[in-house]
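One structure below.
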Amino acid sequence: MIRRMLATMVGMGLLAGLSNLPWGRAERSALIRLSWRTTGQQVKVAKVQDPNLPTHMRLPESQAFELKIRPYRLSVQLDQHTALERAVLAPGFRHDRPLTVFQEFSVTPGDHRLEVTFQAQPLEGSAPPLTARPFAAELACQAGQVYLVSLDESGQWIYYFERANP
Amino acid sequence: MSWKARKPRLSRLLSRVLEPLEKALHRLFGERYNPTYQSGVLALYLLGLVVVSGLPLLFFYRVGSPYESTRWIAQSAGLAWLRSIHRYASDAAMLAVIWHVVRMLLGGRTAGPRRRAWISGILLTALLVVIGVVGLILVWDVQAQHLAQSSMRLIEGLPIFSESPRRVFADPKAVGESFFFMLIFLHVALPLVLVFLVLFHTSRVARARLWPEAYLARYYGAALLLLAVFWPPALAQPADLLQLPGPVRLDVFYAFWMPLVELWGPSGGLAALTLLTGLLASVPWWWKPEVELTSQASFVDEDLCTGCTQCFQDCPYDAIAMVERKQDPGSRRSLVVARVDSDLCVSCGICTASCAPMGVGPPGRTGREQLREAQEWSARAGWQPGEVAVLACRWGCGESPGWDQIPGLRFMATGCSGSVHTSVIEFLLRAGATGVMIVSCPERDCSHREGPKWLQLRVYHVREAELQARVDRRRVRLLACPGVDVGRAVREAQAFGDELKACLVEPVELPTEEPRCKLEEEAS
């Protein structure tokens, strides 16, 4: 009986140990996270119709245009170096879903300069895009901290860190 | 000599690998308290504890302030132990599930009609992991944050998302009340699905046991309570999505996959998990006996069947039905006859021993064939005075080489002990054996669920196909002994032999009446 009870105690100890196993190590880097979701600039693009069609055969105005989301270009400069340069297209089968960005950059603790540009691109058959204001900040990064940069629907940059100089 | 059915080769190999561990567990816990013998019912019991301890916690958990409410629970004297039990019982349940899987593999209980139980078992385990992960995230401490973010990283490996699922935890504002409401809903609703899956999982067994014996439930319940009181699980710092989690406490039972994601990234981690799940799910197709079970299914000799329904009652898998007999009007035979559904039959042979006229059983293992085999075995060498015939189940002690060349013992490996026809015992005594010992597995560890129970009732009670009253019970011994303790079985068999020599100084003369089912009858 004593042997059984001792074995049970050891078993319970193992159970508790395995359910609370120390894992992972202290973070030695910081993280810059870019994350947003936006409908971006939407444009009406006229559908191609035969100009010779009689008026009654042409598409009504409600159907003559389609709403498109402009493609964007995301550019990230970290300490004067290009960390990322890529096109951001509206996802979905018809490319009509909101644009999303989620990028993370691991950086060493210390001062860093971050510049983010999220610029709409021209779309054939539509007016040229509006110029977007880039985001730029000086960051004093600490190990284990996450520095979040986001963009709201109105195109304003939002940031979650203390020392910034946008 | 041997009864033909054997465990799959891989089961025998795994038995050899796990033998030291099984031996140690058997030595430490003994037969009655060995948790591995009742892993399935213990898992259900522990899940029951999880539900009972979780219900009161539900009333104190606040979706608007998950961490604060959990901390309040953890600091409250009346609730802290409940939270600890909830956590530890769920961990222990997973451990029991893992061992249940191992036991099924050890017993080769994977293929044929057991395929459904195996697949549903895999689904149950996967669902249990999901419920556990959701439960751990509900706490919303740093550990929960790491688990949540890793979960999102893992599912990011699926090529179905147009945006990164990790965005869910990108912004502290994004994780709000509705998120935790959804989690708590899942944490409560998914166990209901679990209940239906458990019913499906056990639907193909007769008299399914869903609860352990009271003494076992009390013992392990008390052990968990003591653990919960004296070593409650720690609550880490509150989650902060603008902080990297750093070192955390890992719950190995539910977050075992986190290191994989960390090491190999989302795609690698997901591929490893998919591979593991696929490997486990495909077990019934490659971890199976050398002989297909469907070709080994029992059959009924309708000429011999008396319609007594005993095989129908004894079958542990509900594979036998009593159907109306097709016969000429005026026939004096029974109105019903047994019929075996070969899709449900696992070829355990228990029906063989339940049939007094020996009219049912798997091919090559019917009562008549057992008698013939026993006759050949006896005739081959002849019995020496004082020799004991030992019949041991291949699923337990019967596979061990420990029986070889032991003076005073003659050994034969059989199928499940519940499939040994009582006429074989009588025949061996009549043929010259001083005694007969049948070594079965412990009742809770029988690969065919009810073998030792039926054997006991047939030998010492009057369950149909019972050992005839004329057989001296002093010369028959039943021993329940796990395969890892074959040494004990050998010692017991030798002691039985010595006992017989001392007791039965006078040679025991059996009445001249022949066994009820003679081989000559078959010949005629």
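The values are calculated or read from the model by the stated rules, or taken from the named source; none is laboratory data. Predicted model, so just to flag it, every value in this text is computed and none were measured. Here the Cβ is made from the backbone with ideal geometry for all residues, glycine too, and neighbour counts use every protein chain on show.
One residue stands out among those in segment B:343-390 that are acidic (Asp, Glu) and over 31 Å from the mean Cα position of the chain (by Cα): the one that is surrounded by the most Cβ atoms within 10 Å (Cβ to Cβ), which is B:Glu387.
Scanning for something part of a strand (DSSP E or B), surrounded by fewer than 18 Cβ atoms within 10 Å (Cβ to Cβ) and more than 13 Å from chain B (Cβ to nearest Cβ), does segment A:146-164 turn up at least one residue? Looking for residues that are part of a strand (DSSP E or B), surrounded by fewer than 18 Cβ atoms within 10 Å (Cβ to Cβ) and more than 13 Å from chain B (Cβ to nearest Cβ), one finds none in segment A:146-164, hence no. The residue that is farthest from A:Pro122 (Cα to Cα), counting only those in segment A:66-82 that are modelled with pLDDT of 85 or more and surrounded by fewer than 17 Cβ atoms within 10 Å (Cβ to Cβ), is A:Asp79.
Looking at segment A:101-120, can you tell me whether even one residue there is away from chain B (no Cβ under 14 Å) and basic (Lys, Arg)? Yes - at least one qualifying residue is present in segment A:101-120.
Counting only helices (runs of 4 or more DSSP H) that sit completely within segment B:218-291, those holding 1 or more residues that are within 23 Å of B:Asp141 (Cβ to Cβ), modelled with pLDDT under 95 and away from every other protein chain (no Cβ under 13 Å) correspond to B:258-281.
The sole residue among B:Leu235, B:Leu224 that is in contact with a strand residue (DSSP E or B) (Cβ under 9 Å, 6 or more places away or on another chain), assigned by TED's automatic domain parsing to the domain that holds B:Trp118 and surrounded by 15 or more Cβ atoms within 10 Å (Cβ to Cβ) is B:Leu235.
Restricting attention to segment B:18-40, the residues being under 15 Å from B:Met94 (Cβ atoms) and either surrounded by fewer than 19 Cβ atoms within 10 Å (Cβ to Cβ) or among the aliphatic types (A, V, I, L, M) (or both) number 0.
Yes or no: A:Ala140 assigned to a loop (DSSP other than H, G, I, E, B) and either within 14 Å of chain B (Cβ to nearest Cβ) or aliphatic (A, V, I, L, M) (or both)? Criteria not met by A:Ala140. Remark: A:Glu115 falls outside the filter, which requires a residue to be surrounded by fewer than 16 Cβ atoms within 10 Å (Cβ to Cβ) and either free of Cβ contacts under 8 Å to residues at least 40 places away in the same chain or out of contact with any Cys (no Cβ under 9 Å at 6 or more places or on another chain) (or both).
For B:Lys453, the conditions (1) assigned to a helix (DSSP H, G or I); (2) in contact (Cβ under 8 Å) with a residue 60 or more places away in the chain; (3) under 19 Å from the mean Cα position of the chain (by Cα) all hold with the exception of (2).
With respect to B:Gly107, determine if the residue is surrounded by fewer than 24 Cβ atoms within 10 Å (Cβ to Cβ), under 18 Å from B:Arg249 (Cα atoms) and either of a type outside the set (Ser, Thr, Tyr) or without any contact (Cβ under 8 Å) to a residue 12 or more places away in the chain (or both). So B:Gly107 does not fit the description; no. Evaluation of B:Trp395 against the conditions (1) farther than 19 Å from B:Gly349 by Cβ; (2) in contact (Cβ under 8 Å) with a residue 12 or more places away in the chain shows that the sole unmet condition is (1). The residues of segment A:45-67 that are touching a Lys or Arg at 6+ places or on another chain (Cβ under 8 Å) and of a type outside the set (A, V, I, L, M, F, W, C), listed by number, are A:Gln49, A:Gln63, A:Glu66.
Considering only segment A:80-94, I want to know if a residue exists there that is within 13 Å of the chain's Cα centre (by Cα), outside any loop (DSSP other than H, G, I, E, B) and under 23 Å from B:Leu242 (Cβ atoms). Yes: one or more hits.
Which residues, counting only those in segment B:437-448, are modelled with pLDDT of 85 or more and either of a type in the set (D, E, K, R) or under 13 Å from the mean Cα position of the chain (by Cα) (or both)? Show your work before the answer.
Residues of segment B:437-448 that are modelled with pLDDT of 85 or more, as a first pass: B:437-442, B:446, B:448.
Passing the criteria: B:Cys441, B:Pro442, B:Cys446, B:His448.
Somewhere in segment A:18-39, is a residue more than 9 Å from chain B (Cβ to nearest Cβ), of a type in the set (Val, Ile, Thr) and in a strand (DSSP E or B)? Within segment A:18-39, one or more residues are more than 9 Å from chain B (Cβ to nearest Cβ), of a type in the set (Val, Ile, Thr) and in a strand (DSSP E or B).
Could you list all residues from segment B:426-450 that are without any contact (Cβ under 8 Å) to a residue 60 or more places away in the chain, more than 14 Å from B:Cys397 (Cα to Cα) and of a type in the set (A, V, I, L, M, F, W, C)?
Matches in segment B:426-450: B:Leu428, B:Ala431, B:Ala433, B:Val436.
Is there a residue being within 30 Å of the chain's Cα centre (by Cα), within 30 Å of B:Ser347 (Cα to Cα), touching a residue at least 40 places away in the same chain (Cβ under 8 Å) and surrounded by fewer than 16 Cβ atoms within 10 Å (Cβ to Cβ) anywhere in segment B:250-272? Checking segment B:250-272: not a single residue is within 30 Å of the chain's Cα centre (by Cα), within 30 Å of B:Ser347 (Cα to Cα), touching a residue at least 40 places away in the same chain (Cβ under 8 Å) and surrounded by fewer than 16 Cβ atoms within 10 Å (Cβ to Cβ).
Of the listed requirements (1) within 30 Å of B:Cys345 (Cα to Cα); (2) among the aliphatic types (A, V, I, L, M); (3) within 21 Å of the chain's Cα centre (by Cα), B:Leu276 misses just one: (3).
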